[in-house]
Amino acid sequence: MRNPYFIQMKKIYILPALLLAGGTLMAQNNIQSFRDMVNTPAPVNMNQITDASVAPEMLSQQEPANAPVAASVSVYDGVLETVIGTSNYDLQTNNSVQNRLVDLGGGKMAAVWTMSDEDGPAFANRGTGYNYFDGSDWADQPDERIESKRTGWPSIVVMGNGTEAFLAHSTDEDSPANVFGTRTTPGTGEWTLGTINDGENDLEYTWNRMVTGGTDNNTLHVIGHREFPELVTDENTVGYISYSRSTDGGATWDIVDTILADIDSTLYTPFGGDGYSITSDGNTVAFVCGGGDRDVILMKSEDNGISWTKSIIWSFPIAKFDPLVHLIDTADRVNTSDGSYAISLDDDGDAHVFFGNYYIANDDITTAGTSWYPLTDGLFHWEESYGVADTANAFQQFDTLAMSVDSAFLSTITGIENVASYFSGVSSYPSSTVDANGDIYVTYSACVTTGLYEDQIGAGEEFERVYRHQYIVRSVDNGATWSEPRDLMAELIQNTEEVFYEGVYGTIMIQDGFIYVMYQRDDIPGIHIQPADNNPHEVTENDIVVVKVATADFNVIGINEVSTLGNATVYPNPAANEVNVRFDLDQAQTSTVAIVNMVGQTVLAKNVEANLSNNVTMNVSSLTSGVYFVEITAGNSTITEKLVIK
């Protein structure tokens, strides 16, 4: 179900100033024509039913008796992928991706996802899909959910005592309590299904998350949405992020349904569903939340959830923003997070937070809701030493890990109708982890950098939108620098010669020197369960895919063997007077180094007869302070790097 609080939006905008992937090198008249085209707002149906209400009698229907389907395995140039399950219900999260893949130790792992094999609209047999890897093979694809009632949004963990557990929310009006399932031997035997209870009342979180912690890893930390909104966006109840804890593996719960004082209704309007992510290590537990029309917030406890410290990551300029009271003109749109988060703790216990870029505005105060900008791009990284960001210094406080939108991308589309609506940034849905060496890995979903493929033109309305792929980046120096993005689906495309693949909702783990990324894939851009008029997508079967690749092979993931540009560096950065642009080529050729402003205009450019290794110096003393992008072009290859002028 798409969260009504976070997306009560009435219009869609896109301005060239929001194309944060480096602007363009198009001629000025082309930039102007693009600006004229995209300034036209497109409506969003605010009353869209995103998850049809289910009558009680529908919940008791018989499960389909399907024959077991074996997990299918394919190998593409060292990338091993396994289809471990399927689902016709394709909304795995509204914003942040929950922990759906868990390391059980000994080379074993388990995975969960929201599944249904119905064709809608109610998806009455929706519930938790589960599969188990025994160290050699994945089990058969599941043909039924774990629970006996309609549920969704499962998180899975393994405790220090070896017990595996999952938590899912319920949409059954007669039985609204969360389903808490455990079994002592992972992968085999019956689940013990119960609830989280404080001795009197059952917990009724929506869009829950659960992780383990404590010195023995038997503490369960749970966060979720306090109350379940109604299923139509113009009839909803309020909800805040609530915390619960068990220190004995779920046998008892000493903290249940507690809203922390620093994020309660005295400071904030209701939070969006799934707009939070949680992690833990020993007695340190932390979660990130907020964004949209409120602060981006880090909540952290170093005593296993007893006391909490609040840090503002990105401040929102208006406290308790109300679109019927506060006006944010489109000319003064506010930069913020898209609410899709990942969080990891490094070896020092410091939090690293990842999220997509986003802008909001409202052009009048007579109608509820805000406007958003579908082509806003940028996947950001923040860690605790960076301090508080605001609208003036955000790009100096964050590392930009990935962008997709550039001049090549824009040349393939005619407008925002060519981008499927996820109500997120172009690069978003991150999931992060830290390996035994302290290296940080982040997987995310983003529009492919090539824009529309030629094969999509004329393929029909459903297919004439830019596909998203599942990508991955890595830092080997605790977040100081980051690799170029690697496309986890590139080998699939190259080996099958089939471009029609959409990959989203990835979750990542590292085990014994291998990267595992689980994501959802089908052949139509966008998803079926999405409240947008411009989002044509029939119900289709989605594969739940697990990709495996060695960490040692990271640098060759998705790399085309014919590569022109590489090793681009811009320094000093920030710069004041001069900036040096260093880059390598595989052969000498004429190249262009351009500096592009946030409006997509080329403000400086230099053509060079480049050799294999190059260093180009440019005088930037005439540029005003702010964020720019350096585009290096050689032949058909372009690399974009962010540049801050101070």
Please work out how much length the chain gains when fully extended from E302 to R582, using 0.36 nm per residue of separation minus the C-alpha to C-alpha distance, in nm with one decimal.
96.5 nm
Step through the residues of the stretch 104-115 one at a time and calculate ³J(HN,Hα) from phi using the Karplus curve (6.51 cos²θ - 1.76 cosθ + 1.60, θ = phi - 60°), rounding each to whole Hz and writing x for Gly and Pro.
8, x, x, x, 9, 7, 9, 9, 9, 7, 7, 10
If the limit is 28 Å between Cα atoms, which of K300/K320; K606/K642; K548/K642 go over it?
K548/K642
Taking amide H positions as placed in the peptide plane 1.01 Å from N, state which residues far from T269 in sequence (5 or more) or on other chains have amide H under 5 Å from it.
K320, F321
For the stretch 242-301, what does the accessible surface come to per residue with a 1.4 Å probe? Please give it in Å².
27
Taking R0 as 35 Å, what's the FRET efficiency between A459 and V73 from their Cβ-Cβ distance, rounded to 0.05?
0.75
Give, as a single signed number, the net charge of other residues whose beta carbon lies under 15 Å from the beta carbon of W138, with Lys and Arg counted +1 and Asp and Glu -1.
-4
May I ask you to order 291-301, 339-349 by the average number of other C-beta atoms within 10 Å around their residues, highest value first?
291-301, 339-349
So what are the ³J(HN,Hα) numbers for the stretch 178-187, from phi and the Karplus equation (6.51, -1.76, 1.60; θ = phi - 60°), rounded to whole Hz, Gly and Pro as x?
4, 9, 10, x, 9, 7, 6, 10, x, x
Efficiency of FRET from Cβ geometry, S483 and L612, R₀ 30 Å, rounded to 0.05:
0.90
Protection proxy (average C-beta count within 10 Å per residue), highest first, orders 243-254, 505-516, 417-428 as 417-428, 505-516, 243-254
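How would you rank 312-320, 430-438, 615-623, highest first, on the average number of other Cβ atoms within 10 Å across their residues?
The densest-packed peptide leads the list: 430-438, 312-320, 615-623.
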Along the stretch 513-521, Karplus-curve 3J(HN,Hα) (6.51, -1.76, 1.60; θ = phi - 60°) to the nearest Hz, with x for Gly and Pro, reads x, 10, 8, 10, 10, 9, 8, 9, 9
Translational diffusion coefficient (Stokes-Einstein; Kirkwood radius from C-alpha pairs) of the stretch 306-349 at 10 °C, 1.306 mPa s, in µm²/s:
113
Evaluate E = 1/(1 + (r/R0)^6) for V644 and T188, where r is the Cβ-Cβ distance and R0 equals 41 Å; express this FRET efficiency to the nearest 0.05.
0.15
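Given the Cα-Cα distance of E118 and T496 and 0.36 nm per residue of separation, how much length would full extension add, in nm?
133.2 nm
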Amide H neighbours of F316 under 5 Å, counting only residues 5+ apart in sequence or on other chains, H built in-plane at 1.01 Å?
D295, V296
Scattering profile of the stretch 427-560 at q = 0.10 Å⁻¹ [log10 I(q)/I(0), Debye over alpha-carbon scatterers]
-0.34
Whose amide H sits under 5 Å from the amide H of A610, counting only residues 5 or more places off or on another chain, with H placed in the peptide plane?
Q589, T590, S591
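The values are calculated or read from the model by the stated rules, or taken from the named source; none is laboratory data. Treat the numbers as computed from the prediction; the structure is a model and nothing was measured. Note that each Cβ is placed from the backbone with ideal geometry, even for glycine, and that neighbours are counted across all protein chains shown. Ligands, DNA and RNA are excluded from the accessible area calculation, which covers all protein heavy atoms including side chains. Shrake-Rupley method; radii C 1.70, N 1.55, O 1.52, S 1.80 Å.
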